[in-house]
1. Any chance the stretch 82-101 includes a residue that's within 11 Å of the ligand (Cβ to nearest atom), of a type in the set (A, V, I, L, M, F, W, C) and either assigned to a loop (DSSP other than H, G, I, E, B) or crowded, with 16+ Cβ neighbours inside 10 Å (or both)?
2. Would you mind stating whether residue 176 is over 13 Å from the mean Cα position of the chain (by Cα), closer than 17 Å to residue 41 by Cα and not in a strand (DSSP E or B)?
3. Mind listing just one residue for me: the one in the stretch 54-65 that is of a type outside the set (A, V, I, L, M) and closer than 11 Å to residue 113 by Cα and, of those, nearest to the ligand (Cβ to nearest atom)?
4. Considering only residues that are within 12 Å of the ligand (Cβ to nearest atom) and either out of contact with any helix residue (DSSP H, G or I) (no Cβ under 9 Å at 6 or more places or on another chain) or in a helix (DSSP H, G or I) (or both), which ones fall in the stretch 154-173?
5. Is it fair to say residue 74 is farther than 25 Å from residue 158 by Cα, among the small types (Gly, Ala, Ser) and at pLDDT below 95?
6. Every residue in the stretch 72-81 that is closer than 18 Å to residue 98 by Cα and either acidic (Asp, Glu) or more than 7 Å from the ligand (Cβ to nearest atom) (or both), please.
7. When residues of the stretch 143-166 are filtered for being closer than 17 Å to residue 46 by Cα and surrounded by fewer than 17 Cβ atoms within 10 Å (Cβ to Cβ), how many remain?
8. Is it the case that the stretch 113-134 has a residue that's surrounded by fewer than 19 Cβ atoms within 10 Å (Cβ to Cβ), more than 13 Å from the ligand (Cβ to nearest atom) and more than 28 Å from residue 88 (Cβ to Cβ)?
Amino acid sequence: MKKMVCILIGMLCLFAATLSACAGDEGKLAGTDASKILVAYFSATGNTEGVAEKIATASGGTLYEITPKVPYTAEDLRYSDSSTRATVEQRDPTARPQIEGSVSDMDAFDVVYLGYPIWWGAAPKIIYTFLESYDFSGKTIIPFCTSGSSGIEGSLVELKAVALAATWGSGRRFSATVSQSDIEDWVNGLI
Ligand SMILES: Cc1cc2nc3c(=O)[nH]c(=O)nc-3n(C[C@H](O)[C@H](O)[C@H](O)COP(=O)(O)O)c2cc1C
């Protein structure tokens, strides 16, 4: 009888330990109510958009495209030429391309995934416009990007200075072909 009780207690302990380990697997941000998550992105040629859609699926968040008032043409994006629009904007610290429309109820969101392509090692200036358009105090921004090869780090110092009131999560660069399951792992591991 005594042996049975010991075995039973042992099994209960194992069950409790497994439960707490499982709870620990999920990051704090991953537990955020989906209605409080915004996935905002700018994408000129579709790569970042594809990643943003996967993040929205993984997190249950609301997808919002940061749309330029004046769309970028292929010519605007030709960065082998230093006189094209994107390149000129990136060189100009005061450039703030206008955004068409706005997030309808930014107050409703606690967590904002913010996605963009890397342009000349930095975030496109329209991301600066976006950050200056809202009050991010009390919100957590999780930046993500796509690029040819550059990492996200070089873009973050300036972005954080534009939205000092926000809490910034660590960012991540993805390739355009990242899988849904890799995105799920990242989203579920955020703390
Ligand atoms: C103006 C411009 C500048 C770019 N600069 C870089 C760069 O510095 N480093 C890099 O790895 N890729 C660079 N790229 C490539 C883009 O970051 C990459 O193609 C990205 O996935 C495009 O995302 P999108 O399709 O969402 O616009 C640049 C592209 C453009 C148009």
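1. Yes, that holds for at least one residue.
2. yes
3. 64
4. 154, 155
5. Here the answer is no, as residue 74 does not meet what is asked.
6. 72, 73, 76
7. So the answer is 2.
8. No, because not a single residue in the stretch 113-134 is surrounded by fewer than 19 Cβ atoms within 10 Å (Cβ to Cβ), more than 13 Å from the ligand (Cβ to nearest atom) and more than 28 Å from residue 88 (Cβ to Cβ).
The values are calculated or read from the model by the stated rules, or taken from the named source; none is laboratory data. As the structure is a prediction and not an experimental result, all values here were calculated from the model. Note that each Cβ is placed from the backbone with ideal geometry, even for glycine, and that neighbours are counted across all protein chains shown.
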